[in-house]
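These notes concern the structure reproduced below.
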Amino acid sequence: MQRNNLVPRRSILSVPGYRENMLQKSLGLDADIVMLDLEDSVPVDKKAEGRKKIVDFLKTTNNSGKTFSVRVNEINSAFALHDILDLLENCSDKIDSLIIPKVEDVSEIHFVDKLINSVSLSKGEEIKTGIEVSIESPKGLAKVNELAAASMRNISLVFGIADFSSALQMRMFSLSGHGENEKEDYPGHKWHYVLSSILIAARANGLSAIDAPFGNFGDLDGLRESAKLSASLGFDGKWAIHPSQISIINEVFSPTQEQINFALQAKEYYELASKEGKGSVSVDGRMVDGATYRLALKTLELVNKKR
Ligand code: COA
Ligand code: MG
């Protein structure tokens, strides 16, 4: 599989790995990434069954046009080794990335990295599956820069809100970045520091940054509000836990037509101005210089990602 940074990561739908109907259903949904879960949505007595169902599903799903990732169990569990080996030995070509939950130490990422190398050698083919690092605890956040830089296979940092909230002893009713009733308790955006730290560590290492899911799937306004906050900071996307959330997440994490038009205009005007020896120009009453030009190019880069 070619590692493809052009794969958009706006919406990542989490699908419990042991629920065959949901696995099948995911093929007809519009999520950028289908994330097959072996961790917290799978009961302990169904871990082996879930692993087998995911392997069978991936092996028999061809030309679906979908990008798949799999969340394995945490490295310090009885399941992670078998999860990773079974997946890589049987269907590494179908798995864009492995999501590693609750990461707190670089040794966990090194372990996965070495396992991928080892299976590559035993299969005699290069496995291009990437690693996504889930930050779900104060310990993980304290080491976020180190974790982001721990492997060339890293492709993203993911915020795990539920475990983070319980580690902090936050009072929360449901999973929410904001947008639910938490703002009545605390009017600021209580995740600003955590999200910004994750985002900065991700960008400093050339990785994507992915926001946590919004648990109250009946509250689409709350979802939109939560998604807008992380999208405005610069996040690439957000997990979804229910099909009803996908279109809103895709919309919020895509540039608006107004932003695209402005970026196109800024690019054109700035390039013309440069030819005339100028370093800044006025576009629609806004100043565009070298930095704003690069910002416009970033917007256009997002538009050009394959959708
Ligand atoms: N992936 C694929 N299909 C899903 C889905 C998901 N995450 N969530 C719901 N669906 C399907 C249902 O199977 C149902 O399909 P059907 O109409 O063909 O029967 C349809 O979408 C509507 O679902 P609905 O009845 O509204 O929800 P539910 O009560 O079946 O499920 C949840 C609600 C929350 C239990 C379910 O969405 C879920 O398990 N989400 C994922 C949880 C998860 O992955 N957690 C770990 C990461 S945080
Ligand atoms: Mg978690």
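Every number here is computed from the coordinates shown, using simple stated rules; none is lab data. Values in this document were obtained by computation on a predicted structure and should not be read as measured data. Backbone-built Cβ (ideal geometry, glycine too); neighbour counts: all protein chains shown.
For the chain, set up a Gaussian network in which alpha carbons nearer than 10 Å are linked by springs, and say which option among 30, 45, 221 fluctuates the most.
Looking only at 30, 45, 221, the largest GNM fluctuation is found for 45.
Restricting the calculation to Cα positions, tell me the Rg (one decimal) and the Dmax (whole number) of segment 177-266 in Å.
My reading of the Cα-based Rg and Dmax gives 13.9, 43 Å.
Starting from the amide H of residue 283, placed 1.01 Å from N in the peptide plane, find each other amide H under 5 Å away whose residue is 5 or more places distant or on another chain.
288
Just to check, using Stokes-Einstein with a Kirkwood Rh over alpha carbon pairs, what's the diffusion coefficient of segment 1-130 at 4 °C and 1.567 mPa s in µm²/s?
87 µm²/s
Most fluctuating residue of 188, 206, 234 in a GNM of the chain with Cα springs under 10 Å: which is it?
188
With a 10 Å cut-off between alpha carbons and a GNM built on the chain, which of 148, 167, 80 moves the most?
Sorting by GNM fluctuation, first place goes to 167.
Taking only DSSP H segments of four or more residues, each worth -39500 (n - 2.57), what value at 222 nm results for the chain once the sum is divided by all its residues, to the nearest 500 deg cm²/dmol? Could the numbers behind the result be given before it?
Numbers: 13 runs with 141 residues, N = 307.
Rounded to the nearest 500, the figure is -14000 deg cm²/dmol.
Pulled fully out, how much extra length does the chain show between residue 274 and residue 122, if you take 0.36 nm times their separation in residues and subtract their Cα-Cα distance? Mind dumping the intermediate values first?
On the way: separation 152, 0.36 × 152 = 54.72 nm, distance 5.40 nm.
Going from the current span to full extension adds 49.3 nm.
For residue 258 paired with residue 63, estimate the spin-label separation in nm (one decimal), with each label point 7 Å from Cα along the Cα-to-Cβ line.
Using points 7 Å along Cα→Cβ, the separation is 4.3 nm.
Taking GluC sites (Glu not before Pro) that fall in a DSSP loop and have at most 13 other Cβ atoms within 10 Å as cut points, what is the longest piece of the chain between them?
Numbers: sites that count: 125, 126, 276.
So the longest stretch without any such site is 127-275.
From zero outward in steps of 20 Å, how is the percent of C-alpha pairs of the chain spread across the bins?
In order of increasing distance, the bins hold 32, 55, 12, 0 percent.
Quick one: Kirkwood hydrodynamic radius for segment 98-210, alpha-carbon pairs, angstrom, one decimal? Walk me through the numbers before you get to the answer.
Details: mean 1/r = 0.0667 Å⁻¹.
It is 15.0 Å.
Under the rule of at least 5 residues apart or a separate chain, name every residue whose amide H is placed under 5 Å from the amide H of residue 238.
Sorted by chain and number, the residues that satisfy this are 11, 12, 211.
How big is segment 257-305 in terms of Cα radius of gyration and Dmax, in angstroms?
10.3, 32
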